[in-house]
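To start, the structure itself, in structure tokens.
What follows is calculated from the coordinates using simple rules that are stated; it is not laboratory data. Because the structure is predicted, anything quoted here is derived from the model rather than measured. Using ideal geometry, Cβ is built from the backbone for each residue, glycine included, and neighbour counts are taken over all protein chains shown.
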Amino acid sequence: MPVPFKKPMPPRPANNNAGPRRGAPKREDPHRINGRITAPMVRVVGEGIEPTICSVKEAIQMADEQGLDLVEISPTANPPVCKILDYKKFLFELKQKQKEMKAKAAKVVVKEIRLGPNVDEHDFNFKLKHAKEFLEDGCKVRVEVFFKGRMIVYKERGEIKLLQFAQELEEFGKVESMPKLEGKRMIMILVPKKK
């Protein structure tokens, strides 16, 4: 009995160019450049270029002559403002500025100090010394009085201790939030004084 002839399956295409991958969004440039500029007329600016209003084709031709790109800087202006520059260098400088600004952004550090409602003089002064150091370093200080068990009955003592703490640190910092009771703890926040 003869074996039926099977038609060979066509080879599977390689997966390297199988179209867009799922989950990986296509990143678009934040600015329109060269042929992507849609406005018919643009205001052209750049280094060594007198600001002029011309058609997009003329502007792209001016950029090509200098070996640079035409980048739409202000698309909402009338006519849109385009700058002749090296786009890759422009993006790099933009990233550098953003990194610099992020580094300069103030990072607020909050240090925490815990007291008891019946804290004695030595412990109080010890914690006070630490709070002074934290405020001098520019950190916020969160002072907390914790009430264990039935000590919640003495919440006035805790408030007095916190206000006394704030008064002692008056020259180093100021009270951002007055003592308030949250569950079994009373919290007050101090911020350093501006120098």
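Work out the length of the dipole vector of the range 79-127 about its Cα centre, built from +1 on the beta-carbon of each Lys and Arg and -1 on the beta-carbon of each Asp and Glu, and round it to the nearest 20 debye. Before the final figure, lay out each step's value.
Details: 12 positive and 7 negative charges, 133 e Å.
It comes to approximately 640 debye.
For the range 48-55, putting each phi into the Karplus relation 6.51 cos²θ - 1.76 cosθ + 1.60 with θ = phi - 60° gives couplings of x, 10, 6, x, 9, 9, 8, 6 Hz, in residue order, rounded to whole numbers and with x for Gly and Pro. 3J(HN,Hα) couplings calculated from phi for the range 75-88 with the Karplus curve 6.51 cos²θ - 1.76 cosθ + 1.60 (θ = phi - 60°) are, in sequence order, x, 7, 5, 10, x, x, 8, 10, 10, 8, 7, 7, 5, 4 Hz; Gly and Pro show x. Using θ = phi - 60° in the Karplus curve 6.51 cos²θ - 1.76 cosθ + 1.60, the 3J(HN,Hα) couplings for the range 57-62 round to 4, 5, 5, 5, 5, 4 Hz; x is entered for Gly and Pro. Amide H contacts of residue 68: none lie under 5 Å away among residues 5 or more positions distant or on a separate chain (H built 1.01 Å from N in the peptide plane; Pro and chain starts excluded).
One Cα centroid belongs to the range 94-132, the other to the range 53-75; the line between them spans 52 Å.
Among the trypsin sites (Lys or Arg not before Pro) found in the range 109-152, those both in a DSSP coil and sparsely packed, with 13 or fewer other Cβ atoms within 10 Å of their Cβ, are 148. Counting only Cα atoms, the range 75-162 measures 72, 27, 19 Å along its principal axes, largest extent leading. Residue order for 145, 119, 56, fewest other beta carbons within 10 angstrom first, comes to 119, 56, 145.
Tally the DSSP beta bridges in the range 110-192 and give the antiparallel ones as a percent, rounded to 5.
Rounded to the nearest five, the antiparallel share is 70 percent.
Summarising the amide proton neighbourhood of residue 31: residues at separation of 5 or more, or on other chains, whose placed amide H is nearer than 5 Å comprise an empty set. When you filter the GluC sites (Glu not before Pro) in the range 25-116 for DSSP loop state and at most 10 other Cβ atoms inside 10 Å of their Cβ, you are left with 28, 47. The percentage of C-alpha pairs in the range 38-195 whose separation is greater than 28 Å is 52%.
Could you calculate the contour length gain from residue 126 to residue 76, that is, 0.36 nm times the residue separation minus the distance between their Cα atoms, to one decimal place in nm? The partial results should precede the final answer.
On the way: separation 50, 0.36 × 50 = 18.00 nm, distance 6.04 nm.
Fully extending the segment from residue 126 to residue 76 adds 12.0 nm.
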